[in-house]
Amino acid sequence: MSDHATTADAAHGHDEHHGFAHPMPVWQLLAVFFALVALTGLTVYQATFELGSMELVLSLLIATIKATLVILFFMHMIHDKPLNAIVFISSFVFVALFIGFTLMDALSNKEIMEFKEVPPAAPIAAAPAEPH
Amino acid sequence: MSAVATSPSYSQPDSDNFLVNSRGFLSWALTLDHKRIGLMYLVGVMSAFGLAGILALVLRAELMTPTKMFLSNQQYNQVFTLHGAIMVFLFIIPSVPAALGNFLVPIMLGAKDVAFPRLNLCSFYLWVVGAIFFLTAMLATGLDTGWTFYTPYSTTTQGPVVAATLGVFVLGFSSIFTGLNFIVTINTMRPPGMSWFKMPLFLWATYATSIIQVLATPVLGITVLLLAAERVLHIGIFDPAYNGDPVTYQHFFWFYSHPAVYIMILPGMGIISELMSVHSHKSIFGYRFIAYSSIAIALFGFLVWGHHMFTAGMANVTTIIFSALTFSVSIPSAIKVFNWLATMYQGTVKLNTVMLYALSFIFLFTIGGLTGLWLGALSTDRMLHDTYFVVAHFHYVMVGGTLVGFLGGIFHWWPKMTGKMFNETWGKISCLIVFVGFNLTFLPQFVMGSRGMPRRYARYVEDFQELHQMSSVGAFVLGIGLFIALGVLLHSLFRGRKAPPNPWGGATLEWQCASPPPYYNFKTPPRVNEPYDYTPLHFRGDDKGWEYVHPTESDAPRVDEVESKPATN
Amino acid sequence: MSHDSAHDDAHGHGEHDHPPFLAHHFDDPEQQYDAGKFGMWMFLVTEVLFFSGMFCAYALYRSLHPEVWTFASQFLNENLGAFNTVVLLFSSLTMAWGVRCAQLNQRNGLVLCLTLTLACASIFLGVKAVEYTHKWDIGLLPAGSYVPQFIMANQHHEGISPWLIKLSIVPALCVVGFAGWYGWAVAQKRKQAAEIAGPLLITALAYFLGVGVGILFQNAEQAAHAKEKHGTEHVSHEATEEGSEHAEHAEQDSGSPGETGHGETSGELAEGETVGHGEVETVQLVSSPPLKPGATPLTKIDQPGGAGLFFSIYYCMTGVHALHILGGMVVLTWLLVRAVKGHFNEQYFGPVDYVGLYWHLVDLIWIYLFPLLYLIT
């Protein structure tokens, strides 16, 4: 819960020329971009393997690495005030609470386990898929 | 800025006051002044309250007899739906934060405005748009889903669910923007010298409320959006006809709507913290506990939503966990009540209108809170669920708590907002009638509920008729009391005595500026002092009110002498 | 401090120590910037929680019915998804670079960066339009209108989908309008107007670039499959990873002249199925809806019930994401106008930074959507 005091320090500590601005060096931006593209390639590549349950974990891990890169460098969190970081990261705590409790309940609830086949909404000729 | 003022200027030209500093319809409609936006909200939410209140009276009138009087079953469904939806979305949620909060937050911070004035105005107009959606829904065919829009009924009914859900969506944004604005304002615009623990407790409560608004409301947004999509496109996420799960809808809905209960009550608690201290003329007892308990309520509020769904088909293990977690909320709530009571102990309690409302709040909220324990307990809830016991419980919290607290707050800050003093005698009478009427309305409902009278029924067995009649008579008494309160306030606008800047002897910053405040709130940045230290206040008579005499200059350095920004806590 | 209560303007022009961009209720530019930035982070928090509802629905139904997800995800074209991911990443790069330009008071650089960001957004939407319309054509719709996948012998979707043409009307109008505006501005020598109209014209054209790329990718894949199919007569050929395209394109190709016949089509589909379920299943011939005279009967792909739910969630997630892209384009345009007017400098670059944060969040969500929706094997 800090704001003013840390702001003053952080801003003046970093960059005297631009006041409180902190421009990212171009090489960092480019490096992050190419890293992101490489990770995209990696995640497409790993999807071609049969990895079973590891697949989801792995693809989410790669996505999280990408997200971290974006947050740290493109969103400048690395130079941002800690409060902003705490606020943003804490949102994921609440997301986890929400999804966690809901899944915990729904997955132990047998009644919705079975999917039935929904009859087609309409014959094909009349389906909204037909734009003609 | 260099001008030295030993005490706030009590004689300001009338043209400076924010009510008249610019004139004409557009000067209000396009204003960015937080005080005017607050007043517009006040008028708006009170109109919504009036409308929903009349709907409540219609319901109570219908329930005078067990058989049909003038509402068909379907009409009854529509009326109680609109009563609930309007009260929740258009009145209670924006009531204290948007109306009183907008007016008070910047002034209590000694700031000129909230951080984002345009966003603030935008938020007000979003509220208006949402209100229009609701009125459209009402005038179209009548919404009959209950304010909760439970699937699968809401996906099959003929009512204007899409219009209503879009209204909720827009209102949600209004609420988010208000909360966001307050959080940023309190974080970045506190004046030099005002550390977190020198903030008035109303600000703590507002801050906690805003956290919930920002974190929970988006989930409501996506829920109603998916519900609208469910109706229009049959996406099937919540609709069992397409493999969806209605219980999941309830999870989504209550993930917002249970924390929303604390959006409703927390600001009321904040008001009471101010009222208790000022009108007991005694420093608040346990400042930090009250402050922390506000935050604790806000955070615990996210862990307990399942207690609305004990009988909805949740898994057993989840019901047990939610039931256990539910009791955690009672701890911070009880801390607050104990601290309020301890504040009065050995204080100079003045039983004026404001204090009567504050005492009513404590009494009614305590009943509401304690009956919540029955409902949080898994076994008793099985029996009491969806009975009048629930209705009585949440009305004790929402009406006995929030509404009474809101009224107390309005009476307390009315001289500040309008510059007029209201009639004390009639104010007290209004409070007594409200108190009696309220209890007469809702105490019988506890009895009915525990005997098995289900809620949301237009007809009932004759055994319940006497209790229902008591309740209906009480509702009308309550209505009369509220009407008198309105009359007292309106009367003061025309006949009221001119209010001094500090009529009650409050030590928070809003009492240091003129009544009503000028456009910029403070001509010179106010001196930040202990918010609940009443020793420097001296009574100068009814006309001049209380005056803040700074004890020594060295104790509290003047704002413009402070070089550094405030230390953090 | 001069006390000027008469005006309602947020900018305190009455106070001479305030630069024009500083709102009257802030003490200095830094406080204003901090407040705005904190507010933007709070807004991003609300966005995260807003999307969390859909992620929750996704997680719930995927963990209940993984086989449905494996089956349905085959109908998404992962090459287009990957292409769009890179496009969005690039737009994030230009956005971050734009923030840097604003902080260094480089007006032209900022305008260029914003133009590129807008163009990338537009390309993304163009590709998305191709993906969506293709699915609408073959009945991959939300649960309520989902059409179980038949081999639509009588429906060969070649050429440009009518839905795509309808969706492209607005961008086409934008092209015409912005071109006219740009021409007018150049003719009248209105430099500022031209600097705004030019990037907007590029943006509108970029949509069609996206559409072009999308169609190209899809045709390329169809061609690859047609070739592959003609090269092998039997179902036994390698198709383990490419099951999705088989399912999709068997349906596409089955009606074309010179097709070997019904039996092979079924075989192709069985193969797609194999991948989907992890076990061999046979294809059923089901009683088909009434057909036009002369059309071949339909064959239904055997599929798990509830496949429509996947597409419900797919449309909700990507649709809401696309709406965010559209909203981002609106604010980017607003930034562009202000950038051209030279509003930003090293003391006042907040709006660029805030919009940048928003834009990166939209990118961030796509980073998760891509593997979760497209890359399920």
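Tell me the relative contact order for the range B:48-196 as a rounded percent, counting alpha carbon contacts under 8 Å between residues six or more apart.
30
Checking an interface number: how much accessible area is buried between B and C, summed over both chains, with a 1.4 Å probe, in Å² rounded to 100?
Counting protein atoms only, the buried area is about 3800 Å².
Compute the normalised compactness of the range B:155-208: alpha-carbon radius of gyration over 2.2 N^0.38 Å, N being the residue count.
The range B:155-208 yields a ratio of 1.78.
Among A:89-97, C:106-114, how do they line up from the highest to the lowest mean number of other beta-carbon atoms within 10 Å?
In decreasing order of mean packing, A:89-97, C:106-114 become C:106-114, A:89-97.
Per-residue Cβ counts within 10 Å, from other chains only, averaged over C:357-370: what number is that?
Counting other chains' Cβ atoms within 10 Å and averaging over C:357-370 gives 5.
Which order do you get for B:Ile321, C:Ile202 if you rank them by accessible area with a 1.4 Å probe, largest at the top?
So the residues, ranked largest to smallest area, are C:Ile202, B:Ile321.
Say each of C:Val331 and C:Ala223 gets a label point 7 Å from the Cα, pointing the same way as Cα to Cβ; how far apart are those two points in nm?
4.1
Using a 1.4 Å probe and counting only protein heavy atoms, how much accessible surface gets buried when A and C come together, both sides summed, in Å² to the nearest 100?
That pair hides around 6300 Å² of surface in total.
When all C-alpha to C-alpha distances in the range B:11-67 are sorted into bins of 5 Å, what percent of pairs does each bin hold, rounded to whole numbers?
Result returned by the calculation: 4, 15, 16, 14, 11, 9, 8, 7, 6, 5, 3, 1, 0.
Would you mind counting up the charge near C:Leu44? Only other residues with Cβ under 13 Å from its Cβ, with Lys and Arg at +1 and Asp and Glu at -1.
So the environment of C:Leu44 carries a net charge of -3.
Let me check against my output: what whole-number percent is the relative contact order of chain B, with C-alpha pairs under 8 Å and at least 6 apart?
18
I'm checking a number: the convex hull volume of the Cα atoms of the range B:25-561, normalised per residue, in Å³. What is it?
With only Cα atoms used, the range B:25-561 gives 141 Å³ per residue.
Residues of C:99-105, mean number of Cβ from any other protein chain within 10 Å of their own Cβ, rounded to a whole number?
If you average over the peptide's residues, the count of other-chain Cβ atoms is 5.
Chain B: longest stretch without exposed chymotrypsin sites (Phe, Trp or Tyr not before Pro) (DSSP loop, at most 12 other Cβ within 10 Å), sites themselves excluded?
Longest run free of exposed loop sites: B:71-344.
Report the FRET efficiency, 1/(1 + (r/R0)^6), for C:Asp28 and A:Gln28, where r is their Cβ-Cβ distance and R0 is 22 Å, rounded to 0.05.
Efficiency computed from Cβ-Cβ geometry: 0.20.
If exposed means no more than 12 neighbouring beta carbons inside 10 Å and the site is in a DSSP loop, what's the longest run of chain B without any exposed GluC sites (Glu not before Pro)?
Answer from the scan: B:1-552.
What's the carbon and sulfur percent of the range B:25-561's accessible surface, probe 1.4 angstrom, rounded to a whole number?
Answer for the range B:25-561 is 70 percent, counting heavy atoms of protein chains only.
Which links in C:Lys166/C:Lys189; B:Lys198/C:Lys341; B:Lys336/B:Lys428; C:Lys37/C:Lys341; B:Lys282/B:Lys523; A:Lys66/B:Lys112 stretch past 32 Å when you go from one Cα to the other?
As for pairs spanning more than 32 Å Cα to Cα, those are C:Lys166/C:Lys189; B:Lys198/C:Lys341; A:Lys66/B:Lys112.
What FRET efficiency comes out for B:Ser27 versus B:Thr65 if R0 is 35 angstrom and r is the Cβ-Cβ distance? Round to the nearest 0.05.
For R0 = 35 Å, the calculated efficiency reads 0.10.
Please give the per residue accessible area of the range A:27-79, computed with a probe of 1.4 Å over protein heavy atoms only, in Å².
Heavy-atom SASA per residue in the range A:27-79 reads 48 Å².
Compute the semi-axes of the equivalent ellipsoid of the range B:332-445, taking the square root of 5 times each eigenvalue of the Cα gyration tensor, and list them largest first in whole Å.
30, 17, 11
Can you pull the one-decimal nm distance between simple spin-label points at C:Val186 and B:Val549, each 7 Å off the Cα toward Cβ?
Roughly 7.9 nm, to one decimal.
Using a basic spin-label model with each label point 7 Å from the Cα along Cα→Cβ, how many nm lie between B:Tyr345 and C:Ile169?
7.4
Let me know the mean shielding of B:228-240 by other chains, meaning the per-residue number of their Cβ atoms within 10 Å of its Cβ.
6
Can you report the principal axis dimensions of the range A:27-79 using only the alpha carbons, biggest first, rounded to whole angstrom?
Principal-axis extents of the range A:27-79 (Cα, largest first): 39, 17, 8 Å.
Given a 1.4 angstrom probe, what's the average accessible area per residue across the range B:29-161, in square angstrom?
Per residue, the range B:29-161 has 30 Å² of solvent-accessible surface.
The values are calculated or read from the model by the stated rules, or taken from the named source; none is laboratory data. All values derive from a computational prediction rather than experimental measurement. Quick reminder, even Gly has a Cβ in these numbers, built from the backbone with ideal geometry, and neighbours come from all protein chains shown. Surface areas here come from the heavy atoms of the whole protein model, side chains and all, with no ligands, DNA or RNA. Shrake-Rupley method; radii C 1.70, N 1.55, O 1.52, S 1.80 Å.
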